[in-house]
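Accompanying notes for the structure given below.
Values quoted throughout were computed directly from the atomic coordinates according to the rules given, and no laboratory measurement underlies them. Note that the structure is a prediction, hence the values are computed from the model and not measured. As a convention, Cβ positions derive from the backbone with ideal geometry for all residues, glycine included, and neighbour counts pool all protein chains shown.
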Amino acid sequence: MMNTREVGHTPMQESKFLSQGVLAALFLSAALLQATAVSAQALDPATDAALDTALAGDHRSERNKARDRYRHPKETLAFFGLRRDMTVVEIWPGGGWYTEVLAPVLRGKGKLYAAQYGSKAAFDYQRNEMATLAEKAARYPEVFGEVVFTSLWSPDEIEIAPPGTADLVVTFRNVHNWFDSGYGQDPARMFSAFFTALKPGGILGVVDHRWPDPATEDPAAAKGYISEERVIALAKAAGFEFAGGSDVNRNPLDTHDHPNGVWTLPPDLAVPAGGDRQKYLDIGESDRLTLKFVKPASE
């Protein structure tokens, strides 16, 4: 699933100004993140076995399977508390990297909504990714046949699932995009849509390219990175409680200072002419934050 912008896409533009409330909350203490780090809960046996089957499935390309060692799908979904009987919403699934894992796990037991870019998609790569996922769903109806496709493009395509029905909303490498004015998104409205879709007590799981220091963070996230503190501030402003973070997708080899931002690293490898591709292959995919939030049981 290629949720972040790929090589050759329209360059990142300046961000819209953040609301004063979000700006004021950006610089949360790093100690808070460390103090609230939590471990993944154990998967129930049925979900554990279903994930193993999905990850090994013939519907997944060898290229996608090769990325498991960087994206840690089983460990990530365990941290978010996935169960086979859940109603799950995947935000901006792109070409369906995570969809091809979630769809067979939930099939027949739960429900999966895939909230796509929708009719207002701004870039060719988004339309191409939607076409890729549609082709994949048509080729493997036994895997994707129960997926419900919705749209999320604020402000007028915002209902990602019936309000108050989702157990889990997940978004992978998307949040940084919403600070690029070229997307025309309001990050606060996006998080509000997540909150509305979830049941009381429901979980929001966020993975994105991690910027390590909020004091030096680019407000436009033009290099593709975003700080944990900024994501936490957005979620709290929408009404969520912070439930903790995981190091499962951290990559200490990522120096965060690449010439073409995060896209210099695999899988894009947007290495400048004459650059050392092997250097970036040795780093691997980006350092990523993995954060969990909960919608309060009583508002």
Problem - Cα gyration tensor, the range 154-252 - rounded (a/c under 1.5), prolate or oblate - result: oblate
Fill in the blank from the handout: Note: ARG63 to LEU269 extended length (0.36 nm per residue) minus current alpha-carbon separation gives 72.7 nm
Exercise for the section: Would you mind pulling out the separation of the Cα centroids of the range 159-208 and the range 245-297, in Å? Expected result: 22 Å
Practice task
Be a star and scan the range 167-208 for residues whose amide nitrogen sits under 12 Å from the point 7 Å along the Cα-to-Cβ vector of ALA297.
Solution key: 200-202
Practice task
Give me the distance in nm between label points sitting 7 Å out from Cα along the Cα-to-Cβ direction at ALA122 and GLU135, one decimal.
Solution key: 2.6 nm
Practice task
Over the range 185-292, calculate the relative contact order: mean separation of alpha carbon pairs under 8 Å at least 6 apart, over the residue count, as a percent.
Solution key: 34 percent
Handout entry: Proximal aspartates and glutamates to LYS295, defined as alpha-carbon separation beneath 13 angstrom and excluding residues fewer than eight positions away on the same chain
Key = ASP167, GLU241
Practice task
Considering only DSSP beta bridges where both residues belong to the chain, give the percentage that are antiparallel (nearest 5).
Solution key: 40 percent
Exercise for the section: Classify the chain as rounded, prolate or oblate, taking a ≥ b ≥ c as the square roots of the eigenvalues of its Cα gyration tensor: rounded when a/c is under 1.5, otherwise prolate if a/b is larger than b/c and oblate if not. Expected result: rounded
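Relative to the present Cα-Cα distance, how much length would full extension add between ASP44 and LEU281 at 0.36 nm per residue of separation?
Computed gain between ASP44 and LEU281 is 81.8 nm.
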